[in-house]
Amino acid sequence: MKSTGKVTGIVSNLVTVLTDGPVSQNEICYIDCEGTKLMAEVIKVNGKSAAVQVFESTRGLKNGNTVEFEDRMLEVSLGPGLLSSSYDGLQNDLTTMTGVFLKRGEYTDPLNHEKLWDFTPIAKPGDKVAAADWLGEVKEGWLPHKIMVPFSFKGEFTVKSIVPAGQYNIDTAVAVLTNAEGEDVNVTMVQKWPVKVAIKGYREKPRPSRIMETGVRVIDTLNPIAEGGTGFIPGPFGCGKTVLQHAIAKQGDAEVIVMAACGERANEVVEIFTEFPELIDPHTGRHLMERTTIICNTSNMPVAAREASVYTAMTICEYYRAMGMKVLLLADSTSRWAQALREMSNRMEELPGADAFPVDLSSIISSFYARAGMVVLNNGQTGSVTFIGTVSPAGGNLKEPVTESTKKAARCFYALEQNRADKKRYPAVNPIDSYSKYLEYPEIREYLSEKVTPGWVEMVEKTKNVIRKGRDAQEQINILGDDGVPMTYHELFWKSELVDFVILQQDAFDAIDSVTPMDRQEYMLRLVLDICDREFKFEDFEQCRNYFKELINILKQMNYSEFHGESFNKFQDQLNNLLSNGK
Ligand code: ADP
Ligand code: MG
């Protein structure tokens, strides 16, 4: 039953409506405004009065205007064609428009209904199926896109018929299923799902047990993220959050990438539209966009659309995970999303929590992060959503509510430091404050010792110790002066500089240095640790400094050259020479 109503009050985008029937929380409605229909979402119901959040400007809206409730929540359309598309938070197609913004009251269809897809059946008549089971497959780019029993289907069905292999559009009924009551239902290639509800339809969700390689050394070597894991990157403006996320998007070991770009200014998200389509996928040599969906919004978009965008992105991720794919979701920056939550809760005149964020900010963030994960599908195959979000705390204050709440929810923490960014030590990840809780999982430690080398986690611990000791030594040198400390302090400091320059610092814009495969990360770390294990006998600190500068120089060049090749061998010879000649 669809209800209707009349506008009784307007405060910016928050509109109160007197309803003539039942409406439910998060239900979608359309408000008539000077002939255009404005989309809105119910955010509070009190008797016959409903508060709705309009997704657009309410300019010209009057008391008494009619409202039609839809009896459905905000949904995303799921089907082939999502990849290589760019949408706003409400899944309006941004690529079919001239600018980044739509006219008020205008909504576009997210999927192409004419395009024909090469369909191959997987299920056959007589098969018993349930929600999320695979019925067939189309090639989306080069990825096998599964056509599934819609996630909203409850109970068991029998496949009555399925179309033969051939070309069909997304609205074709590719399968007819019979439910337990003997009724037939058609399944097309497109289904809808409410964005704020996690997609289920899998057997279990075990703890992550594998690493997702990113090619970024501060992540993979020092604090690896698990496939199906969660991480976050807090950092002040200009410290390299976006560059780091783009590097992970480009290089991460995932099949599908979803980028949720929540920008402060329009130019921050325009960046993604100009840069991303140009990027070449190092795994396939094709355009990265072929396996990417971009969800974008800016601060001048309405608050509800901004709030919805990360959910839309997550829902698309869960859809591809149900096909057994490795999906990577990157959101930049989740602080903009939290700001949208704050704006909404303030307008509702709810009792505010810290810094005027909603009282339940922590639980909203946690339940969002909890949607990531590795799952075992009903057919025994696995799929995963790995999620990394950035946080942009005002003034770099890591004690603010969004950072604190995210810290509780995410298992990896990559803290970008103003100080390192100022010194151009990129990626400016603080090696001591950052962490990966996955390193504590026995299954991850086992995986690393098998996949990389036995004793790897111990090597990583040792590396972090070198950095810590180097920091302490540096402090003493700063206080007491170069000549006021024993030689060993200089040696400790320079050993940590060696780790910093060779392992931590990585040029995101160099073709070779930007992505370091795991075997190379292991090789370089061994070289560096071997040097850190040596005891040198320097006569004075200048000799120590010059010696290490030379070492750093050679090792850095090795990062910039092909792993196996003439120049790499040449640098290795130089290194061996320097080491065997002592100082
Ligand atoms: P944020 O998103 O935190 O505001 P950006 O990601 O836009 O910051 O980075 C700001 C600038 O820092 C970049 O334009 C680039 O010049 C530099 N930078 C950041 N990371 C790297 C890196 N890994 N290698 C080289 N330059 C970097
Ligand atoms: Mg940025």
- Which pairs do you get when a residue that is within 16 Å of VAL391 (Cβ to Cβ), found in region 226-252, comes within reach of a residue that is outside any loop (DSSP other than H, G, I, E, B) and of a type in the set (D, E, K, R), reach meaning Cβ atoms under 6 angstrom, with the pair 6+ apart or on two chains? ILE233/LYS241; GLY235/LYS241; THR242/ASP332; GLN245/ASP332
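Could you run through region 322-344 and say how many residues are under 13 Å from the mean Cα position of the chain (by Cα) and either among the basic types (Lys, Arg) or modelled with pLDDT under 90 (or both)?
Within region 322-344, residues that are under 13 Å from the mean Cα position of the chain (by Cα) and either among the basic types (Lys, Arg) or modelled with pLDDT under 90 (or both) number 2.
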- Message: Anything in region 435-486 that is of a type in the set (Ser, Thr, Tyr), in a helix (DSSP H, G or I) and either surrounded by 18 or more Cβ atoms within 10 Å (Cβ to Cβ) or over 30 Å from the mean Cα position of the chain (by Cα) (or both)? List them, or say none.
- Response: TYR438, TYR447, THR463
- Query: Here is a list of conditions, (1) crowded, with 18+ Cβ neighbours inside 10 Å; (2) away from ligand 1 (no atom under 15 Å from the Cβ); (3) in the same structural domain as LYS408 (by TED's automatic domain parsing), and MET212 meets all of them except one; can you say which number that is?
  - Reply: (3)
- In region 323-332, the residues that are crowded, with 24+ Cβ neighbours inside 10 Å and over 17 Å from PHE273 (Cβ atoms): VAL327, LEU328, LEU329
- Unique match (being at negative phi, out of contact with any Asp or Glu (no Cβ under 6 Å at 6 or more places or on another chain) and without any contact (Cβ under 8 Å) to a residue 40 or more places away in the chain) among GLU156, GLU114, GLU140: GLU156
- Does ALA421 satisfy the criteria of being without any contact (Cβ under 8 Å) to a residue 24 or more places away in the chain and within 16 Å of ligand 2 (Cβ to nearest atom)? no
- Message: Out of everything in region 387-412 that is among the hydroxyl-bearing types (Ser, Thr, Tyr) and either closer than 12 Å to ALA331 by Cβ or not assigned by TED's automatic domain parsing to the domain that holds TYR320 (or both), what residue ends up being farthest from ligand 1 (Cβ to nearest atom)?
- Response: THR406
- Note on the structure: Among residues of region 231-245 being surrounded by 24 or more Cβ atoms within 10 Å (Cβ to Cβ) and of a type in the set (A, V, I, L, M, F, W, C), the residue farthest from ligand 1 (Cβ to nearest atom) is PHE232
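Sort through PRO236, PRO224 and tell me the only one that's within 14 Å of ligand 2 (Cβ to nearest atom) and within 21 Å of ASN430 (Cα to Cα).
Of PRO236, PRO224, the one residue that is within 14 Å of ligand 2 (Cβ to nearest atom) and within 21 Å of ASN430 (Cα to Cα) is PRO236.
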- Task: For ASP253, state whether it is part of a loop (DSSP other than H, G, I, E, B) and either away from ligand 2 (no atom under 16 Å from the Cβ) or among the polar types (S, T, N, Q) (or both).
- Result: yes
- Query: Quick one: how many residues across region 421-460 are over 26 Å from ASP533 (Cα atoms), of a type in the set (Lys, Arg) and within 16 Å of ligand 1 (Cβ to nearest atom)?
  - Reply: 2
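Among the candidates MET259, MET289, which residue alone is within 20 Å of ILE388 (Cα to Cα), more than 15 Å from the chain's Cα centre (by Cα) and of a type in the set (A, V, I, L, M)?
MET289
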- Neighbours by Cβ (under 6 Å, 6+ apart or cross-chain): first from region 448-474, within 17 Å of PHE501 (Cβ to Cβ); second at pLDDT below 95: ILE467/PRO431
- Item | Index of the failed condition, GLU68 passing every other in (1) modelled with pLDDT under 90; (2) over 30 Å from VAL327 (Cβ atoms) | (1)
- Task: Search region 356-394 for residues being within 16 Å of ligand 2 (Cβ to nearest atom) and touching a residue at least 40 places away in the same chain (Cβ under 8 Å), and hand back the single one that is surrounded by the fewest Cβ atoms within 10 Å (Cβ to Cβ).
- Result: PRO393
- Item | Members of region 510-531 that are more than 16 Å from ligand 1 (Cβ to nearest atom) and either part of a loop (DSSP other than H, G, I, E, B) or modelled with pLDDT under 95 (or both) | PRO517
- Query: Out of region 343-397, which residues are within 28 Å of TYR435 (Cα to Cα), in a helix (DSSP H, G or I) and touching a helix residue (DSSP H, G or I) at 6+ places or on another chain (Cβ under 6 Å)?
  - Reply: ALA354, ASP355, LEU361, SER362, ILE365, SER366, TYR369, GLY396
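Could you run through region 141-161 and say how many residues are out of contact with any Gly (no Cβ under 7 Å at 6 or more places or on another chain) and not in a loop (DSSP other than H, G, I, E, B)?
8
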- Task: Kindly indicate whether GLU183 is free of Cβ contacts under 8 Å to residues at least 40 places away in the same chain and within 15 Å of ligand 1 (Cβ to nearest atom).
- Result: no
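The values are calculated or read from the model by the stated rules, or taken from the named source; none is laboratory data. Just so it is clear, the structure is predicted and the values come from calculations on it, not from any experiment. Note that each Cβ is placed from the backbone with ideal geometry, even for glycine, and that neighbours are counted across all protein chains shown.
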